[in-house]
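Novice: Below is the structure I would like to discuss, written out as structure tokens.
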Amino acid sequence: MVKCFWITGLPGAGKSSIAQCLQRKLLEYEVKPILLDGDSLRNVLGKSNSHYDRDSRAELAFVYGRLCKLMVSQQHIVICATVSMFEEVREWNRANIPGYLEVFIDAPKCVLLKRNQKKLYSSGETNLPGVNQKIELPKQPDFHFVNDGTKLIDSYADILARCYKNDRWNK
């Protein structure tokens, strides 16, 4: 059974939107998932205004993974939406989080530039993953969604919610 939905992708790809929609859909199944969003986690951990270099990002990503593992071990369903730029973190998650399901939200660069909700792509940010900071894209995600605006966010969340409902992943 899916216990941890790890939703990853570049800033602006739609991770948070899909995660929030998935949370609403799981609530319809009377499941109360815990939603961990990268921006919110950074704020809670006091890292919201700094620590965007590679080593700090890797350290934080491992914290997110360990937090998900802890919550899953206490019988919670977790949705974690984070950039998660390192394959080593995702490999650790697969090996250590029971019921781990990896979802890569991909968006073409032209779409990311157009969305630019947080103004990251136009701000001259020097530590922006996929632009001026190297990112390791997921090698074998369980799902690879191209969120280019041609499908509704609900359609992606529906697919993930059905995985939970139908007990499709037995990891």
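The values are calculated or read from the model by the stated rules, or taken from the named source; none is laboratory data. Since the structure is predicted, the reported quantities are computational estimates derived from the model, not experimental observations. Reconstructed Cβ throughout: ideal geometry from the backbone, glycine too, with neighbour counts over all protein chains shown.
Novice: Do any strands (runs of 3 or more DSSP E) entirely within the range 71-171 hold 2 or more residues that are of a type in the set (Asp, Glu) and at pLDDT 80 or above, and if so, which?
Specialist: 100-106
Novice: Conditions first: (1) touching a strand residue (DSSP E or B) at 6+ places or on another chain (Cβ under 6 Å); (2) at pLDDT below 95. TYR64 passes all but one, so which condition is the exception?
Specialist: Result: TYR64 passes all but (2).
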